[in-house]
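Novice: This is the structure I have questions about; it appears just below.
The values are calculated or read from the model by the stated rules, or taken from the named source; none is laboratory data. All figures in this text were calculated on a predicted structure; none of them were measured in a lab. Neighbour counts run over all protein chains shown; Cβ positions are idealised from the backbone, glycine included. Each accessible area value is taken on the protein alone, full model and side chains, heavy atoms only, with ligands, DNA and RNA left out. Shrake-Rupley method; radii C 1.70, N 1.55, O 1.52, S 1.80 Å.
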Amino acid sequence: MRATPRRIIVAMAFIAVFASLVVAQEPGLKSITYRLSMSRPMSHLFEVSILIELPDELKDKPLQVQMGRWAPGRYGVFDFAKNVQEVKAVSEGATRPVTRVNDQTWSVSPLGATGLTVSYKVFGNDLSGTFSQLDTRHANYNGGSIFMYVVGHKPDPVKLEINAPAGWKVINGRTERLGQNEWQFPNWDIMIDTPTEIAPDWTLDNFDVDGKKYHVMVHSFGPEGGKRPALVKDIEKIVRAEVGMWGAPEFQEYTFLIHFAADDHSGDGMEHLTSTQIIQPGALGDPGTYENTLGTVAHEFFHVWNVKRLRPQELGPWDFTRPLATRGLWIAEGFTNYYGRLMLHRAGIWDEQQFLGREAETIRGIESAPGSRLMSAEESSLSAPFIDGSPRAQTTNLENTAISYYPKGELIGMVMDLLLRGRTKGKLSLDDVMRAMYEEFYVKSPNSSYYLRGRGYQTEDLERVASQRSGVDFSDFFKRYVRDVEVLPYDEAFAYVGLRLVKTQAKEPFNAGLSIQFAGAPIIENVRNNSPAENAGLEAGDQIVSLGGKEATPDWLKTLARYKTGDSVPMIVKRDRQTIRTNVVLGQPERFDYAIQEKADATAEQKALRAAWLKG
Ligand SMILES: [Zn+2]
Ligand SMILES: [Zn+2]
């Protein structure tokens, strides 16, 4: 249809309104430069200066700077501002007034100056992909936990200059040459997406895959046992397997920043656009650390596509004044869990039994969690601010009511993959659906914001793409297993690939409804709702003095082996200054083990579908 003159007038009116909206917006700042120093590593205080060049229109207006409540990738609310101290402002050698506005915001008055420097210190002593650490060994930071943004100017380009202690080397996922200590970023969000390591003694290994460069930075705080060269080779296998599924990644270079903390408690993995931060609690030479590192690598590298680029609509740009609300983390994190494990198999690191055994273990965890029947995958995603590493000062009932979108999403991903393969007779897989989503939302959609290419999806979009591509209606699947809490159709899914899920009663012939933690003394860790332990008046935190007339030991279930359903077990516990005597009347067994096994009558067609699934 051709536009009539009247339509043109209407269109022009819209343009005029739009133009006036643009004019009404605050003018951009002339420049924003972050300067990061660390003159006293033993103090754990990062020194941050933000040098701001203001246009004339803004030199008399107060400016606000703000510390985020949380940072992308970890959705617990941490309030990073609690570690900020000594916020000051100067202009041309004279101090400028700084007022704290609320828990995360400071207001600064330029008083007519066009050049303003806001400075502060921020304490960081956590080795983590979420927080930051400065000590005499190194500086390792996650930008969201140390860099304030200028309110209203997150989209502005920013420069970063790092003043490292003498002899300390700087590296991050945007390092173009060794010795580099200045970066230009298109906006603040990309700057904080670039975690950085600064230390005298990290090592660097490199490899290429299909013309892209990969770097493996390792900082070890314990013996490596000579395992680093093999680790780098296995990381390369994982990269090849994942690139094999998705196709060439968008970047030219990618950096794995890996710490072996050797403190037995620091552990994390955090995804970024061109890097990942991985922290393992052990030393590389310790038993199990090598294997755990590869598991984290497979998960985090998968995020290059799933979550960092193909993302739920709410994942960037973010509002850091309130917790995140998205229904999509079961896809973003859960599918990444699923593929991380599948890729260990496709990369040749796990055999079929290891992969299937791990999935059976995830099924056991989900199906034995009481929260599985109360909280859906989407509700779990919306609960992320409560369950994703959040500080918990208040006693909660989340152990009984919540599930994690990681394992739940992992199982939804696996079952959906098998249903797609089975119902289309091998014509389509979840791999195809994920690639189609990546094309539609990341590669082909116009940019929806300043932050990143493309736009985000809603969970309904996955439902639509899976249904359209496969010709199989997935609306019922989403209704029952994603938005409601029904048990996933494991039997149908596994049957397509000639496998079956075998459920057997776990060893104990009764149910007590409690778990015990042995931290010095035996302490009740959790009491299930409506369980024999709850009926007996037991509570989490009670210290067990005796169980069935005996001292509680780590193999307490063996102590109870002589009892059966219906028996009454005497218990004595200490709660604060009270000694409580009670009896737990044991209930019907509720715990089951799961195994994924070959079907005796598996057909050649089913075996071929399984091979296609496992090999990719
Ligand atoms: Zn380090
Ligand atoms: Zn993840």
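Novice: For an R0 of 35 angstrom, estimate the FRET efficiency from the Cβ-Cβ distance between Asp79 and Asn530 and round to the nearest 0.05.
Specialist: Details: r = 36 Å, r/R0 = 1.02.
Calculated value: 0.45.
Novice: Counting only residues 5 or more places away or on other chains, whose amide H sits under 5 Å from the amide H of Arg311 once H atoms are built in the peptide plane?
Specialist: Placed amide hydrogens put Tyr457 under 5 Å from Arg311.
Novice: In whole percent, what relative contact order does segment 345-448 give with Cα contacts below 8 Å and a gap of six or more residues?
Specialist: Numbers: 57 pairs, mean separation 24.2, N = 104.
The normalised contact order for segment 345-448 reaches 23 percent.
Novice: Among the lysines, which have Cα under 27 Å from the Cα of Lys159 when same-chain residues fewer than 8 positions away are ignored?
Specialist: Lys30, Lys59, Lys61, Lys82, Lys88, Lys121, Lys169, Lys212, Lys213, Lys308
Novice: What do you get for the angle between helix 228-246 and the principal long axis of the chain? Use alpha-carbon atoms, 0 to 90 degrees, nearest ten.
Specialist: Helix 228-246 sits at roughly 80 degrees to that axis.
Novice: Would you mind giving the three semi-axes, in whole Å and largest first, of the ellipsoid equivalent to the chain according to its Cα gyration tensor? Walk me through the numbers on the way to the answer.
Specialist: On the way: eigenvalues 394, 216, 137 Å².
Ellipsoid half-lengths, sorted descending, are 44, 33, 26 Å.
Novice: Same structure again: Report, in deg cm²/dmol and to the nearest 500, the calculated mean residue ellipticity at 222 nm for the chain, where each DSSP H run with n ≥ 4 adds -39500 (n - 2.57) and the sum is divided by the residue count.
Specialist: Details: 16 runs with 165 residues, N = 616.
Per the formula, -8000 deg cm²/dmol.
Novice: For segment 277-422, give the percent of accessible area contributed by carbon and sulfur heavy atoms, probe 1.4 Å, rounded to a whole number. It would help to have the intermediate numbers written out before the result.
Specialist: On the way: 2220 of 4440 Å².
Result for segment 277-422: 50 percent of the exposed heavy-atom area is carbon or sulfur.
Novice: May I ask you to list the residues of segment 468-498 whose amide nitrogen lies under 20 Å from a point 7 Å from Cα along the Cα→beta-carbon direction of Ala600?
Specialist: Zone members listed by number: 491-492, 494-498.
Novice: Phe592 versus Lys507, label points 7 Å from Cα toward the beta carbon: distance in nm?
Specialist: 2.1 nm
Novice: For segment 476-506, list residues with backbone N below 15 Å from a point placed 7 Å from the Cα of Ser368 toward its Cβ?
Specialist: 502-506
Novice: According to a simple spin-label model (label point 7 Å from Cα along Cα-to-Cβ), what is the distance in nm between Asp210 and Thr559?
Specialist: Each label point is offset 7 Å from its Cα along the Cβ direction, giving 5.7 nm.
Novice: Listed here are the pairs Lys237/Lys444; Lys427/Lys503; Lys425/Lys607; which of them are more than 21 Å apart at the Cα?
Specialist: Among Lys237/Lys444; Lys427/Lys503; Lys425/Lys607, the Cα-Cα distance tops 21 Å for Lys237/Lys444; Lys427/Lys503.
Novice: Which whole-number percent gives the relative contact order of segment 144-218, counting Cα pairs below 8 Å spaced six or more residues apart? The partial results should precede the final answer.
Specialist: Numbers: 92 pairs, mean separation 23.1, N = 75.
The value is 31 percent.
Novice: Follow-up question, since we're still on this one. At 1.4 Å probe radius, can you tell me the per residue accessible area of the chain in Å²? Please list the in-between numbers first.
Specialist: On the way: 26980 Å² over 616 residues.
Here the residues of the chain average 44 Å² of exposed surface.
Novice: While we're looking at this one, here's another question. Can you list the HN-Hα couplings for segment 325-330, worked out from phi with the Karplus curve (6.51, -1.76, 1.60; θ = phi - 60°), rounded to whole Hz and with x for Gly and Pro?
Specialist: These are the phi-based 3J(HN,Hα) values: 10, 9, 8, x, 6, 5 Hz.
Novice: Ok, one more. Summarise the accessible area of segment 476-538 (1.4 Å probe, protein heavy atoms) by the percent that is carbon and sulfur.
Specialist: Details: 1340 of 2970 Å².
Accessible surface attributable to carbon and sulfur in segment 476-538 totals 45 percent.
Novice: In nm, what is the difference between 0.36 nm times the number of residues separating Thr579 and Asp476 and their Cα-Cα distance? Don't skip to the answer; put the middle values down first.
Specialist: Details: separation 103, 0.36 × 103 = 37.08 nm, distance 5.25 nm.
Gain on stretching Thr579 to Asp476: 31.8 nm.
Novice: Next question, about the same structure. According to a simple spin-label model (label point 7 Å from Cα along Cα-to-Cβ), what is the distance in nm between Thr136 and Thr424?
Specialist: Result for the modelled spin labels: 5.9 nm.
Novice: Also, I was wondering about something else. Sequence gap at least 6, Cα distance under 8 Å: using those rules, report the relative contact order of the chain to the nearest whole percent.
Specialist: Working: 1251 pairs, mean separation 60.6, N = 616.
Once divided by the residue count of the chain, the mean separation gives 10 percent.
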